[in-house]
1. Sort out the exposed loop GluC sites (Glu not before Pro) in the chain (DSSP loop, at most 15 other Cβ within 10 Å) and tell me the longest stretch that has none.
2. Extension gain Thr9-Phe182, at 0.36 nm per residue separation less the Cα-Cα distance, in nm?
3. Hey, could you grab the Kirkwood Rh for region 115-201? Inverse mean 1/r over distinct alpha carbon pairs, Å, one decimal.
4. Would you calculate, for the chain, the mean residue ellipticity at 222 nm contributed by helices, counting each DSSP H stretch of 4 or more residues as -39,500 (n - 2.57) and dividing by all residues, to the nearest 500?
5. Under a Cβ-only charge scheme (Lys and Arg +1, Asp and Glu -1), can you give me the dipole magnitude of the chain about the Cα centre, in debye to the nearest 20?
6. Under 27 Å Cα to Cα from Lys198, which lysines show up? Leave out anything in the same chain fewer than 8 places away.
7. When all alpha-carbon pairs of region 1-150 are counted, what percent fall beyond 29 Å?
8. Using only alpha carbon pairs under 8 Å that are at least six residues apart, calculate the relative contact order of region 89-201 and give it in whole percent.
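What follows is calculated from the coordinates using simple rules that are stated; it is not laboratory data. Values in this document were obtained by computation on a predicted structure and should not be read as measured data. Heads up, the Cβs are rebuilt from the backbone with ideal geometry, glycines too, and the neighbour counts pull from every protein chain shown.
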Amino acid sequence: MSQAQYEFTNDWFARHVPAWKRILAPPRQRPSRVLEIGSFEGQSTVWTMENLLAEQGGLIVAVDPWEEGPGAPQKGMQPVEARFDRNISIAARRFPTVRVEKNKGPSTLVLSALVARGEKFDFIYVDGDHRAPQVLTDMVLAFHLCKVNGLIFCDDYLHMQHLGLVESPKLAIDAFTTCFHFQTRIFPEWLVQLYLEKVAD
């Protein structure tokens, strides 16, 4: 990803790029409709625009409350949202065939509205509130929003376990993969993130 003009204060996403490239490589068809739950400064959003959607165009629906709270990655989310807006504005000029739809609000409400509208996506990235109850809610809603043969990537599978069982994503992701065992397939990648394909409704 070209870093020129973009403003990112962290590099959390970069270490995942090799696994993303392996899973998304041909002959897998590139996604055209992407849902991102937890966008922060837009680093993964910009990478997706540049690497997955730039050629054929497409849509990214970015969902984030951009507000302080127990699930927020840091205090002072207003500057984070401003950086997201600037970064996406730069990327939109570079990739005019890609549309980013920003949805500011709690993921439960935004995703429920998308389900009610019958929206479907080829690729969903779950990287929002990291507390287990909310992660589980996001993943179940993501499953219903994902097309069959679409992908669901889950961030921070093994992250923050020192905080307690319900304060990190692993419990929720394990519960989801157990309940949806026959409808998903797990890719054999390094488990900092967990990578799933939806194989049946």
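1. 120-201
2. 58.3 nm
3. About 12.9 Å, per the Kirkwood formula over Cα pairs.
4. Details: 6 runs with 66 residues, N = 201.
About -10000 deg cm²/dmol.
5. Working: 21 positive and 24 negative charges, 121 e Å.
In debye, rounded to 20, the chain gives about 580.
6. Within the straight-line limit of under 27 Å, Lys198 reaches these lysines: Lys21, Lys102, Lys104, Lys120, Lys147, Lys170.
7. Values: 1234 of 11175 pairs.
Beyond 29 Å sits 11 percent of the P(r) for region 1-150.
8. Relative CO of region 89-201 lands at 25 percent.
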